[in-house]
Amino acid sequence: MTAIDTQSSMPAEDLEDLYENAPCGYLSLQPDGRIVKVNRTLSTWIGIPAEQLLGKRLHDLLNTSGRIFYETHFAPLLRMQGFFNEVALDLVTVDGKKLPVLANAMERRAEDGALLFTRVTMFQAAERRRYERDLVDARTAADAASATIKSKLAFEQQTAELREEFIAVLGHDLRNPLASISAAARILRKEKQTDRAIKVLDLMQGSVVRMSALIDNVLDFARGRLGGGITLERRSEHLEPLLRQVIEELRFSHLDRAIEVTIEFDGPINCDSGRIGQLVSNLLGNALTHGAPDEPVRLSAATVDGKLELWIANGGAPISSEAMTGLFQPFFKGEAGTSQRGLGLGLHIASEIARAHGGTITVSSDDKETRFTFVMPLDFELNLNH
């Protein structure tokens with residue numbers, strides 16, 4: 001059966017029914033804007049019989065804002081171009097409710113250009129208008145959130161700058177008097193002193209070393225939390241002299257402790273020697289603080305198979321499995337009952353220095369010894385370039 005056969009076999013479309021019961025509202029306006037024809041669909045939507053709508057003007061069916069829009073936009077646009085599409089209007093139903101619609105209009109004119117009537121179609125648009133309002137609300141909320149975020153970012157940036165200035169001033173103001181105390185202690189140590197005075201000066205020098213390390217750790221932690229992280233100045237240099245200086249400073253402040261040292265380097269090492277010295281100072285200081293006082297602390301550093309391997313071991317009670325999980329976290333204070341307390345930043349800063357060098361710090365602990373091991377690839381910078 002052909003399309004023509006199918007069409008001829010169907011009942012003829014009732015044009016009147018198509019107009020009256022169309023899925024959209026129809027109305028026709030006279031040149032003066034009065035309604036001369038309206039379909040059943042539109043009259044049903046607003047609850048007013050079609051015969052009661054005849055003779056009314058279109059703006060009579062609109063709410064107050066819709067009437068203003070009709071006079072200022074709708075009518076002028078129609079007169080100017082003879083049509084419009086998808087104009088949002090709000091009709092008022094018989095019970096006073098608002099019915100959002102989208103209207104399309106087109107003028108019908110005679111051959112001499114005289115306006116005969118205007119045809120208007122309307123489609124219910126409650127869901128679309130709600131969606132559009134939601135989009136507008138979402139955009140407004142997004143703009144407000146963006147403004148809030150920008151304000152917070154500006155505040156955070158300003159705060160970060162103030163904190164950085166505070167950190168710089170704090171480091172300067174703390175180090176200056178500490179340097180004066182250290183210099184005074186060294187001068188007095190060179191002069192003839194009683195045995196008691198020498199012990200006091202040695203204690204002062206040990207406190208200076210420990211306080212200097214604490215200041216370094218606090219400043220590094222503060223900078224890390226501000227997003228700067230651990231900064232490095234890598235260069236190829238001999239590391240052994242610096243390590244022995246760090247060891248001697250700690251030995252000087254722990255005169256009653258034995259420190260056994262083995263260092264075997266093949267040559268210069270590409271690293272930030274100051275940071276490596278800080279790492280060793282933190283690990284060695286931790287071992288001297290928490291290790292058994294009657295057993296030596298052992299330090300071994302060597303270059304093996306393209307890696308720097310450094311470990312520090314001490315005797316004493318093993319670290320519990322619970323404490324092991326938080327060992328490298330900031331402000332971790334170790335086992336309860338430890339007599340000496342610090343800020344709990346030493347191991348955290350050491351682990352950050354290791355990570356900045358592409359290395360790691362691991363720990364093992366049993367009844368025989370607790371050992372911290374630092375391993376760093378000697379070609380880390382070369383790997384980064386590739």
Inset, instruction - Return the total of residues in region 40-87 being without any contact (Cβ under 8 Å) to a residue 24 or more places away in the chain and part of a strand (DSSP E or B). - result: 4
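Going by the conditions given, is Glu161 surrounded by 11 or more Cβ atoms within 10 Å (Cβ to Cβ) and either within 17 Å of the chain's Cα centre (by Cα) or of a type in the set (D, E, K, R) (or both)?
Yes; evaluated as a whole, the condition is true for this residue.
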Legend entry - Answer residue from region 117-145, given it is outside any helix (DSSP H, G or I) and open to solvent by less than 80 Å² (accessible area, probe 1.4 Å) and is farthest from Gln30 (Cα to Cα) among those: Ala125
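Among the candidates Ile269, Ile230, which residue alone is under 20 Å from Gly358 (Cα atoms), among the hydrophobic types (A, V, I, L, M, F, W, C) and modelled with pLDDT under 80? Step through it out loud before you land on a result.
Values: Ile269 fails: modelled with pLDDT under 80.
Just one listed residue meets the conditions, Ile230.
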Inset, instruction - With the condition kept exactly as written, say whether any residue in region 108-116 is part of a strand (DSSP E or B), in contact (Cβ under 8 Å) with a residue 60 or more places away in the chain and loosely packed, with under 14 Cβ neighbours inside 10 Å. - result: yes
Legend entry - Residues of region 1-55 satisfying the condition of being modelled with pLDDT of 90 or more and of a type in the set (Val, Ile, Thr): Ile35, Val36, Val38, Thr41, Thr44, Ile46, Ile48
Inset, instruction - Specify which of the listed residues (Arg40, Arg79) is open to solvent by 40 Å² or more (accessible area, probe 1.4 Å), basic (Lys, Arg) and more than 28 Å from Asp17 (Cβ to Cβ). - result: Arg79
Legend entry - Spans of strands (runs of 3 or more DSSP E) in region 217-304 with at least 1 residues open to solvent by less than 30 Å² (accessible area, probe 1.4 Å) and farther than 22 Å from Gly344 by Cα: 259-264, 269-271, 297-304
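The values are calculated or read from the model by the stated rules, or taken from the named source; none is laboratory data. Nothing here was measured: the structure is a model prediction, and the numbers come from that model. Positions of Cβ are backbone-derived with ideal geometry, glycine not excepted, and every protein chain shown enters the neighbour counts. Surface areas here come from the heavy atoms of the whole protein model, side chains and all, with no ligands, DNA or RNA. Shrake-Rupley method; radii C 1.70, N 1.55, O 1.52, S 1.80 Å.
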